[in-house]
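The values are calculated or read from the model by the stated rules, or taken from the named source; none is laboratory data. This is a predicted model, so every value here is computed, not measured. In this analysis, Cβ positions are derived from the backbone assuming ideal geometry, glycine residues included, and neighbour counts consider all displayed protein chains. Accessible surface is based on the protein model in full, side chains and every heavy atom, while ligands, DNA and RNA are left aside. Shrake-Rupley method; radii C 1.70, N 1.55, O 1.52, S 1.80 Å.
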Amino acid sequence: MPVLLELRGVTAGYGAGEVLHGVDLTLDQGEVLCLIGPNGAGKSTVLRVVSGLLRTGRGRVLLRGEPLDRLSPRERLLRGIVQVPQERSLFPAMTVWDNLLMGGYLLDGTRSGRREVRRRADALAERFPLLAERRRASAGSLSGGEQKQVELARALLLEPALMLLDEPSIGLEPRARRAVFDTVGALAADGRTILLVEQNARSGLAAADRGAVLESGRVRLTGSGAELLADPRVARLYLGAGGEPQAQQPDPHSRER
Ligand SMILES: Nc1ncnc2c1ncn2[C@@H]1O[C@H](COP(=O)(O)OP(=O)(O)OP(=O)(O)O)[C@@H](O)[C@H]1O
Ligand SMILES: [Mg+2]
């Protein structure tokens, strides 16, 4: 499969503080890549430089070989890069259905655009029964897990070329967490290209074709999801009891890329 997304030597930070110190990553079309790493490693920052919420310092971000670095978040959205952020992002006072339709606001300018948005929303409601069942409920009245499903559906409304999912399972109870990974698995089976950030390394890597370990703003290890799950360094640092990450110092013997 051709390469969809490539990060080459990307640096980025907030103000004077550099957080990413030269990140290299590639993501093939149709692939699910799971990025794991300790709190503060820069995982969300990687997603922000891809979606354009944060500017790249040095290095480049390329989509199908085309540099994105000068494009605004809106222009990247129009190219099909959709981010589902780590924190809750629905409009709580709006209904579930209106939140879903918000995913299509970029297409909404014309009558045919509006018709297309409604067609896609109806199709998504078949796939996510919750959307129809709770259509008129305010989004804020849904459980965290239900809200995450609506956020995923809203992202799908744009039929994205690339989905950036930032810790979709965080803070959810086990059943809702499983539902998130089931959805990711179904999207993967559909051939969606997904860059998934997960603290829940075991489930994240199991759902992914490939994994990458980010530590202190650098990619330290990459491999297939299965390879990383079997790697003793990954097991020791990230696959502790319950699959929750352990905040420990990076292993100095980790293979550098
Ligand atoms: N808006 C911001 N302003 C200043 N510093 C920030 C900002 N966002 C993140 N940082 C800092 O950048 C570093 C990387 O943060 P980032 O959110 O990318 O980490 P992360 O790997 O996603 O962590 P977590 O697992 O906790 O979500 C951290 O030291 C963090 O404090
Ligand atoms: Mg984060």
| task | Would you mention how many residues in region 83-111 are in a strand (DSSP E or B) and either in contact with a helix residue (DSSP H, G or I) (Cβ under 6 Å, 6 or more places away or on another chain) or closer than 28 Å to Asn39 by Cα (or both)? | result | 2
| said: Among the residues that make up region 98-116, is at least one of them open to solvent by 60 Å² or more (accessible area, probe 1.4 Å) and β-branched (Val, Ile, Thr)? | reply: yes
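Show me the helices (runs of 4 or more DSSP H) found entirely inside region 123-207 where at least 1 residues are open to solvent by 60 Å² or more (accessible area, probe 1.4 Å).
Passing ranges, in order: 129-133, 174-189, 201-207.
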| task | For region 149-179, name all the residues that are free of Cβ contacts under 8 Å to residues at least 60 places away in the same chain and within 16 Å of ligand 2 (Cβ to nearest atom). | result | Ser169, Gly171, Leu172
| task | Sort out which residues of region 88-97 are surrounded by 15 or more Cβ atoms within 10 Å (Cβ to Cβ) and among the aliphatic types (A, V, I, L, M), and write them in order of number. | result | Leu90, Met94, Val96
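How many residues does region 26-46 contain that are more than 16 Å from ligand 2 (Cβ to nearest atom) and open to solvent by 10 Å² or more (accessible area, probe 1.4 Å)?
We begin by selecting, within region 26-46, every residue more than 16 Å from ligand 2 (Cβ to nearest atom); these are 26-32.
When the remaining residues are screened for being open to solvent by 10 Å² or more (accessible area, probe 1.4 Å), the result is 26, 28-31.
Residues flagged as more than 16 Å from ligand 2 (Cβ to nearest atom) and open to solvent by 10 Å² or more (accessible area, probe 1.4 Å) within region 26-46 amount to 5.
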| Residue check: is Glu146 within 16 Å of ligand 2 (Cβ to nearest atom) and at pLDDT 95 or above? | no
| What do you reckon, is Thr11 away from ligand 2 (no atom under 16 Å from the Cβ), over 27 Å from Gly171 (Cα atoms) and open to solvent by less than 20 Å² (accessible area, probe 1.4 Å)? | yes
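Please work out if Leu214 is under 14 Å from Leu35 (Cα atoms), in contact (Cβ under 8 Å) with a residue 12 or more places away in the chain, of a type in the set (A, V, I, L, M, F, W, C) and touching a helix residue (DSSP H, G or I) at 6+ places or on another chain (Cβ under 7 Å).
yes
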| Out of (1) closer than 25 Å to Ala207 by Cα; (2) in a strand (DSSP E or B), what's the single condition that is false for Asn39? | (2)
| Applying the selection to region 50-82, what residues are in a helix (DSSP H, G or I) and surrounded by fewer than 18 Cβ atoms within 10 Å (Cβ to Cβ)? | Pro73, Arg74, Glu75, Leu78
| query | Which pairs do you get when a residue that is touching a residue at least 60 places away in the same chain (Cβ under 8 Å) and small (Gly, Ala, Ser), found in region 42-61, comes within reach of a residue that is within 9 Å of ligand 2 (Cβ to nearest atom) and open to solvent by less than 20 Å² (accessible area, probe 1.4 Å), reach meaning Cβ atoms under 7 angstrom, with the pair 6+ apart or on two chains? | reply | Ser44/Asp166; Ser44/Val197
| query | Just checking, which of Gly57, Gly42, Gly37 is of a type outside the set (Ser, Thr, Tyr) and more than 26 Å from Asp209 (Cα to Cα)? | reply | Gly57
